[in-house]
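Okay, structure first, notes after.
The values are calculated or read from the model by the stated rules, or taken from the named source; none is laboratory data. Predicted, not measured: the structure shown is a model, and the values here were computed from it. Positions of Cβ are generated from backbone atoms using ideal geometry, with glycine treated the same way; all protein chains shown enter the neighbour counts. Accessible surface areas use protein heavy atoms only, side chains included; no ligands, DNA or RNA. Shrake-Rupley method; radii C 1.70, N 1.55, O 1.52, S 1.80 Å.
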Amino acid sequence: LQEAWEFFSTPRNLSKITPAHMGFTILYVSGGEKTYPGQIIRYKVQVIPGIKMDWVTEITHVHEPRFFVDEQRFGPYALWHHQHHFKEVPGGVEMTDEINYAIPFG
């Protein structure tokens, strides 16, 4: 559980798990490498082919090693609330993402 937590809760690892076609680039991470409530992460991401956008998220909740939440502060969605849950299961760790979002322009 701790190994999975360390990997997925480290902001710099986002580029390792984001599909290459999205052109994901981390521009800024506040407060170092350990996730904490209030942490700001700024990226560039290609949401439409050929068009890169700025995306800023804030880590709003952290309960190590069980879950953390990021919320969009600026970016391509009208709403983005992303929960990451971790649970030990026989033979490993189960990670569940729950994403609530709204696309722009209704």
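Key figures
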{"quantity": "Filtered residue count, segment 56-94, keeping only those that are modelled with pLDDT under 95 and open to solvent by less than 50 Å² (accessible area, probe 1.4 Å)", "calculated": "2"}
{"quantity": "Count of residues meeting criterion [of a type outside the set (Asp, Glu) and either closer than 21 Å to Gly23 by Cβ or assigned to a loop (DSSP other than H, G, I, E, B) (or both)] in segment 56-98", "calculated": "15"}
{"quantity": "Meets criteria (in contact with a helix residue (DSSP H, G or I) (Cβ under 7 Å, 6 or more places away or on another chain) and either crowded, with 16+ Cβ neighbours inside 10 Å or not aliphatic (A, V, I, L, M) (or both)) for Asn13", "calculated": "yes"}
{"quantity": "Qualifying residue in segment 3-21 (condition: in a strand (DSSP E or B), in contact (Cβ under 8 Å) with a residue 12 or more places away in the chain and not acidic (Asp, Glu))", "calculated": "no"}
{"quantity": "Matching residues in segment 23-55 - criterion: being outside any strand (DSSP E or B), surrounded by 15 or more Cβ atoms within 10 Å (Cβ to Cβ) and not aromatic (Phe, Trp, Tyr)", "calculated": "Gly23, Thr35, Gln39"}
